[in-house]
Amino acid sequence: MGWSCGRRDDYATWQENIDMVHVLTAGHHGFAFSWNNGDHGEGGQAMGLINKYYPAEKFRKNESFPAFGNSSIDQQMGDGDPAAGELVGGINLGFHWGQIVDETGRWSVRFSNDLVAGEMTVDVTPRHCQQFKPQPGHMMRWKSSLDDEVTTTADRQGLVTDARLICSSAKKPF
């Protein structure tokens, strides 16, 4: 899912957009959100970044993709008051991915981010998996390209998330 909004939109309140970001992040859904300081008529201009990084042809019904969340380079939305937080920004912007392996018992992806300068952290959750289907409560071991190894448990929906994965601009996979 991708959408944009102006912070001063009088139709869709700023708080509604913040709430949507929190719900989608908590559910480990794949999404991106961008905003500007415009009103209802100007908010759509922020959609350019969504279209740049996540064109419709990037997604297919028969292919898995990584859902990103809690990126350390996300801009601050504030507390719901349109005057708080950054006036222009985005959540989950700049990611590229490829070389997805979606097999029974194994899922992997190579990804990078155009907007990272130095190092960032991000949560990664495999979504729309075709073959990789862990059972709720199943223990999974993740290994990153930086040789970090983490053990996590599939949640009640069978989703596994590698929380706070480190991505470095010096080791971009693409």
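The values are calculated or read from the model by the stated rules, or taken from the named source; none is laboratory data. This structure is a prediction, so every number in the text was calculated from the model and none was measured. Please note: Cβ atoms are built from the backbone with ideal geometry, for glycine as well, and neighbour counts cover all protein chains shown. Calculation scope for accessible area: heavy atoms of the full protein, side chains included, ligands and nucleic acids excluded. Shrake-Rupley method; radii C 1.70, N 1.55, O 1.52, S 1.80 Å.
In this structure region 1-94 gives 52 Å² per residue of accessible area when probed at 1.4 Å with all protein chains present. Specify the angular offset, from 0 to 90 degrees and rounded to the nearest 10, of the alpha carbon long axis of helix 14-26 from the longest principal axis of the alpha carbons in the chain. Here the helix axis deviates by roughly 0 degrees.
Its relative contact order, with pairs defined as Cα atoms under 8 Å and 6+ residues apart, puts the chain at 20 percent. When the helices of the chain are scored as -39500 (n - 2.57) per DSSP H run of n ≥ 4 and the total is divided over every residue, the value at 222 nm lands at -3500 deg cm²/dmol. The accessible surface of region 39-78, taken with every protein chain in place and a 1.4 Å probe, is 49 percent carbon and sulfur. I'm spelling it out carefully: the read-out is Rg and Dmax of the Cα atoms in Å, the candidates are [x] 16.7, 48; [y] 15.9, 47; [z] 19.3, 70, and one was derived from this structure. Which label? Among [x] 16.7, 48; [y] 15.9, 47; [z] 19.3, 70, the one derived from this structure is [x].
Taking the Cα centre of the chain as reference, the dipole from Cβ charges on Lys and Arg (+1) and Asp and Glu (-1) amounts to some 800 debye. Scoring 19-29, 55-65 by mean Cβ neighbours within 10 Å over their residues and listing the highest first yields 19-29, 55-65.
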